[in-house]
Amino acid sequence: MQTLKSNNESNSEAERRIERLSLHLNPIPIPHLTWNHHPLEMENCSRGKKLIVDANSLTSYMRGKYRDIQEKVFDYFNANPQLQTPLEISKDNHRELCMNQLLGLVREAGIRPLHYVVHDPAKYFAILEAVGSVDMSLGIKMGVQYSLWGGSVINLGTQKHKDKYYDGIDNLDFPGCFAMTELHHGSNVQGLQTVATFDPITDEFIVDTPNDGAIKWWIGNAAVHGKFATVFARLKLPNYDAKGISDMGVHAFIVPIRDMKTHQTLPGIEIHDCGHKVGLNGVDNGALRFRSVRIPRDNLLNRFGDVSRDGQYTSTLPSVNKRFGATLGELVGGRVGLAYSSVSVLKVASTIAIRYSLIRQQFGPPNQPEVTILDYQSHQHKLMPMLASTYAFHFATTNLVEKYAQMKKSHDEELVADVHALSAGLKAYVTSYTAKSLSVCREACGGHGYAAVNRFGSLRNDHDIFQTFEGDNTVLLQQVAADLLKQY
Ligand SMILES: Cc1cc2nc3c(=O)[nH]c(=O)nc-3n(C[C@H](O)[C@H](O)[C@H](O)COP(=O)(O)OP(=O)(O)OC[C@H]3O[C@@H](n4cnc5c(N)ncnc54)[C@H](O)[C@@H]3O)c2cc1C
């Protein structure tokens with residue numbers, strides 16, 4: 001290409017490049033910086049213009065009508081420094097602190113997340129965002145209690161379950177788990193092996209772990225605090241049809257796992273601690289094994305399939321696949337929340353990196369102040385597209401949350417499909433982007449980015465698993481591709 005251009009053209013191009021480069025080597029002098037300035041108010045834009053941002057209006061615009069509830073969360077933790085997570089803390093102490101943080105929010109600050117899960121999901125996700133930026137372990141613990149355990153009871157159960165469990169879940173008298181994943185089956189939920197066999201004589205289900213691979217694994221709230229678990233198991237009706245035992249597919253059951261008074265593990269239940277993790281150590285993940293655990297027939301979360309006293313199975317949905325799809329479809333809220341929370345991690349990380357880059361100076365022309373590192377083009381290339389993406393993801397996930405809230409009201413089939421595909425795609429894309437950006441932000445702050453107090457380590461460790469739970473990103477993208485092909 002270059003050889004085809006006239007000499008004049010290539011000269012002027014070269015001049016332009018030299019002029020650009022010289023701007024970096026000899027930047028327009030900037031006033032001396034002091035630590036008292038708010039970075040965004042400093043007259044340190046490379047072209048010397050004063051940038052004034054009305055932070056209050058921007059905050060109101062971004063947080064919208066949920067600004068107050070988010071500030072209530074921040075005010076509560078600011079007023080209770082004993083509830084702030086210290087830099088150095090053991091796993092066991094972190095778990096206890098995290099439980100106390102959640103109890104404080106619910107019982108002292110009066111924030112009742114389950115109410116919002118049911119009536120105003122957008123407000124619930126806004127609370128989750130604020131809570132996650134205090135300590136991501138707390139955000140995930142809250143998600144386990146309210147989106148997963150609470151959400152499964154509300155969305156997969158019927159009125160009798162709401163009557164019995166709603167208040168206890170809401171006020172944390174009933175801390176609970178969402179026990180789906182097994183040692184041998186994570187992404188492939190249809191392959192789950194735990195069984196719940198109906199016993200028509202006693203009117204109970206018998207929950208069993210048939211082999212080691214079927215042990216429920218990674219279950220949040222199981223190792224220490226949980227009293228109940230929503231257990232996903234294959235519903236079996238002995239001799240249901242002429243061929244013998246009938247497997248009606250994966251259903252959800254409420255299984256008490258610890259005594260309400262003594263907190264002792266109940267007979268037939270074995271609990272194992274999944275131990276110290278790469279991050280999120282405030283969440284007590286555990287493993288559950290069931291040895292012929294009997295639960296009343298009423299503990300089947302029976303919105304999509306039920307068993308009568310005489311052992312007859314009924315469902316409004318015609319096939320195992322349809323029931324499975326409907327069951328998982330009701331649980332999409334967890335994935336929506338994760339996409340939304342991942343953006344909040346990106347907001348925190350990019351804010352720290354950009355603020356630092358506005359006050360950090362390295363190198364400069366002789367006898368002149370050093371240059372702010374954000375004035376280097378390479379640094380801008382690292383952080384400015386990230387800033388733009390953070391805004392884009394904020395609006396994209398806010399839109400997803402709005403669609404999700406509409407879907408919960410209308411149950412419109414098209415909207416259900418739309419939210420499923422959008423949440424899968426956005427969760428995978430945003431969490432992968434945030435995970436990569438956390439490394440970029442750490443590097444952008446140089447050695448100081450490596451100090452634990454500057455948060456990149458905990459943000460990176462806590463967020464990393466966002467790429468895997470609530471649907472592994474690769475598997476989710478396959479689902480998006482399948483959906484696009486179907487539409488085509
Ligand atoms: C900290 C933490 C908390 C958790 N909390 C809970 C909880 O409270 N309740 C609960 O039920 N579960 C929980 N989980 C489990 C989590 O949901 C699973 O780990 C997740 O669904 C992935 O399953 P897996 O670990 O079996 O990975 P796998 O499915 O085995 O995936 C392993 C790898 O194989 C790849 N892979 C899998 N299938 C395909 C395919 N078809 N094509 C191409 N590649 C594929 C994946 O991309 C991945 O890289 C938690 C996990 C962790 C680590």
- Message: It is to be established whether one or more residues within the range 123-146 are more than 25 Å from K227 (Cα to Cα) and basic (K, R).
- Response: yes
- Going through the range 69-88 in order, the residues found to be in a loop (DSSP other than H, G, I, E, B) and buried (at least 16 other Cβ atoms within 10 Å of the Cβ) are T85
- Task: Kindly indicate the residue of the range 212-243 that is assigned to a strand (DSSP E or B) and at positive phi and also surrounded by the fewest Cβ atoms within 10 Å (Cβ to Cβ) among those meeting that condition.
- Result: N239
- Message: Given the condition over 27 Å from the mean Cα position of the chain (by Cα), modelled with pLDDT of 95 or more, more than 11 Å from the ligand (Cβ to nearest atom) and farther than 17 Å from H185 by Cβ, answer yes or no: does some residue in the range 245-258 qualify?
- Response: no
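Residues being more than 16 Å from the ligand (Cβ to nearest atom) and not in a loop (DSSP other than H, G, I, E, B): count how many of those fall in the range 279-326. Break it down stepwise before answering.
Let us first name the residues in the range 279-326 that are more than 16 Å from the ligand (Cβ to nearest atom), namely 291-300, 302-323, 325-326.
Add one more test, that the residue is not in a loop (DSSP other than H, G, I, E, B), and what stays is 293-300, 306-307, 313-314, 320-323, 325-326.
The total comes to 18.
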- Are any residues in the range 428-472 over 15 Å from S344 (Cβ atoms) and under 13 Å from the mean Cα position of the chain (by Cα), and if so, which ones? A428, S432, D464, I465, Q467, T468, F469, E470, G471, D472
- Query: Within the range 201-240, can you find the residues that are among the β-branched types (V, I, T) and within 30 Å of H94 (Cβ to Cβ)?
  - Reply: T209, I215, I219, V224, T230, V231
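Out of I219, I215, which single residue is touching a residue at least 60 places away in the same chain (Cβ under 8 Å) and more than 8 Å from the ligand (Cβ to nearest atom)?
Numbers: I219 fails: more than 8 Å from the ligand (Cβ to nearest atom).
The match here is I215.
Just give me the residues in the range 446-488 being of a type in the set (G, A, S) and outside any helix (DSSP H, G or I), in sequence order.
Initially, the range 446-488 is screened for residues of a type in the set (G, A, S), giving 446-447, 449, 451-452, 457-458, 471, 481-482.
The answer is A451, G471.
Take K236 and decide whether it is among the basic types (K, R) and free of Cβ contacts under 8 Å to residues at least 40 places away in the same chain.
Details: among the basic types (K, R): yes; free of Cβ contacts under 8 Å to residues at least 40 places away in the same chain: no.
No: the conditions fail for K236.
The values are calculated or read from the model by the stated rules, or taken from the named source; none is laboratory data. Just so it is clear, the model here is predicted, and its values are computed rather than measured. Here the Cβ is made from the backbone with ideal geometry for all residues, glycine too, and neighbour counts use every protein chain on show.
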